[in-house]
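Taking it in order: structure first as structure tokens, then the write-up.
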Amino acid sequence: MNKEDQKAVLEAVLELSTPLKKVSVGPRNVLEKILSFIGLYKAKTIMLILDAISMRTNYKLTYLMLDLVPGDNSGGDIEQILNVINANSLNMATIVATAIHNQNSKTPTYLINAILDGFSNAELKIAIKEIYRRLDVQSFFDSMALLRTLSLLESTPDQSPLGQ
């Protein structure tokens with residue numbers, strides 16, 4: 001196992017912050033927009049960092065993932081392919097921005113725009129894979145199975161090991 005594999009295992013266990021990419025962020029509010037129009041404001045470069053995803057953000061991300069439009073595998077019609085790209089590009093940037101924002105507030109539009117402007121398709125794929133890994137779907141289903149088992153134990157008290 002080389003150092004990169006060891007680092008990946010350690011990051012998976014510890015949920016360390018993952019730096020994604022430095023992007024240029026445009027005006028964030030009305031004052032910055034006015035200053036930008038006048039020429040007194042320059043875009044800032046910030047590092048986008050992905051932290052451990054909270055349960056509320058997990059809920060938002062699953063809701064956003066349901067909005068993705070599936071592609072049609074029936075052929076290579078270029079118009080169908082372009083329609084899928086057009087329908088999902090903004091949604092994928094919103095998913096990444098929501099995961100980076102990771103707060104109980106609306107995801108800022110400047111962050112979504114920075115991702116749309118700064119990420120290539122390959123970088124977006126890597127970011128979404130990392131976000132999906134952090135959703136930890138397996139643990140969620142393990143928890144559901146545990147709750148289901150506990151509810152079954154409660155419904156049949158005479159079969160419970162703790163019994164009478």
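The values are calculated or read from the model by the stated rules, or taken from the named source; none is laboratory data. Nothing here was measured: the structure is a model prediction, and the numbers come from that model. Virtual Cβ from ideal backbone geometry, glycine too; neighbours counted across all protein chains shown.
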Checklist (1) at pLDDT 80 or above; (2) touching a helix residue (DSSP H, G or I) at 6+ places or on another chain (Cβ under 7 Å) applied to residue 45, failing item:
(2)
Counted residues, segment 108-125 - those being free of Cβ contacts under 8 Å to residues at least 40 places away in the same chain and either assigned to a loop (DSSP other than H, G, I, E, B) or loosely packed, with under 14 Cβ neighbours inside 10 Å (or both)
5
Among what's in segment 126-158 and is in a helix (DSSP H, G or I) and hydroxyl-bearing (Ser, Thr, Tyr), pick the residue that is modelled with the lowest pLDDT.
155
Testing residue 81 on (1) without any contact (Cβ under 8 Å) to a residue 24 or more places away in the chain; (2) in a helix (DSSP H, G or I); (3) under 30 Å from residue 30 (Cα atoms), one condition comes back false. Which one is that?
(3)
Please state which of the following conditions residue 105 fails to meet, knowing it meets all the rest: (1) in a loop (DSSP other than H, G, I, E, B); (2) among the small types (Gly, Ala, Ser); (3) over 21 Å from residue 53 (Cα atoms); (4) modelled with pLDDT of 80 or more.
(3)
Any residue at all in segment 76-87 that's surrounded by 14 or more Cβ atoms within 10 Å (Cβ to Cβ) and within 22 Å of residue 21 (Cα to Cα)?
no
